Amino acid sequence: VIVDCTNFSEKPSLPLFQTKFYKNCFLALKKEGILLTLGSSFLDLGFIRKISGRIKKVFPYQFLVRFCMPSYHCGEYCFIAGSKINPRKIDFREIGRKFKKLERRHKFRYYSPEIHKASLVLPKVWKI
């Protein structure tokens with residue numbers, strides 16, 4: 001997994017929002033790899049569409065992952081994901097089993113398998 005939380009508003013970050021960067025991420029990932037890059041609020045669908053289009057050129061699967069960020073404007077944000085595996089074929093029972101093992105060591109306050117699954121569900125208006 002590669003997680004990129006780069007802020008787009010800074011000029012030095014522009015190369016990290018280009019197709020070449022996404023190609024390099026694709027090559028660095030293993031066969032079941034996933035790239036998550038910070039999108040924006042859903043108020044900026046134009047930006048989300050532009051970055052999603054670049055990721056679609058490189059990865060076989062592209063999708064949005066929704067999350068709540070109350071301290072940001074709008075409160076609803078997304079990661080834009082590129083994946084080598086089909087996210088619709090993820091076995092959520094397996095995620096639940098892994099979660100139970102990790103829960104013993106870590107006390108998750110904001111994550112659960114249900115939150116994981118719900119983050120992939122978007123209103124029609126936000127589907128790219």
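What follows is calculated from the coordinates using simple rules that are stated; it is not laboratory data. Remember, predicted model here, so these are calculated numbers, not experimental data. Every residue, glycine among them, receives a Cβ derived from its backbone with ideal geometry; neighbour counts consider all protein chains shown.
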Seminar exercise, completed: Taking placed amide H atoms and a strict 5 Å upper bound, the residues 5 or more places from GLY39 or on another chain that come that close are CYS78, PHE79, ILE80
Seminar exercise, completed: Per the rule of 0.36 nm per residue minus the C-alpha distance, extending ARG88 to THR19 adds in nm 22.4 nm
Seminar exercise, completed: Once phi for every residue in segment 79-94 is put through the Karplus expression 6.51 cos²θ - 1.76 cosθ + 1.60 (θ = phi - 60°), the whole-Hz ³J(HN,Hα) values, with Gly and Pro written as x, are 9, 9, 10, x, 9, 8, 10, 6, x, 6, 9, 5, 8, 5, 5, 5
For this session: Determine ³J(HN,Hα), in whole Hz, for all residues of segment 122-128 in sequence, where each value follows from phi through the Karplus function 6.51 cos²θ - 1.76 cosθ + 1.60 and θ = phi - 60°; x replaces Gly and Pro.
Result: 10, x, 3, 4, 9, 6, 9
For this session: Quick one: net charge around LEU29, please, counting Lys, Arg +1 and Asp, Glu -1 for every other residue with C-beta under 13 Å from its C-beta.
Result: +2
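Within the chain, which is the longest segment that contains none of the trypsin sites (Lys or Arg not before Pro) sitting in a DSSP loop with at most 14 other Cβ atoms within 10 Å?
With a cap of 14 other Cβ atoms within 10 Å, the longest stretch comes to 58-106.
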Exercise. If exposed chymotrypsin sites (Phe, Trp or Tyr not before Pro) are those in a DSSP loop with at most 14 other Cβ within 10 Å, what is the longest stretch of the chain that has none?
Worked result: 1-71
Exercise. When the scattering of the chain is computed by the Debye formula from its Cα atoms alone, each counted once and equally, what is log10 I(q)/I(0) at q = 0.10, 0.22 Å⁻¹?
Worked result: -0.34, -1.41
Seminar exercise, completed: With Rh as the Kirkwood radius over Cα pairs, segment 52-106 has Rg/Rh of 1.10
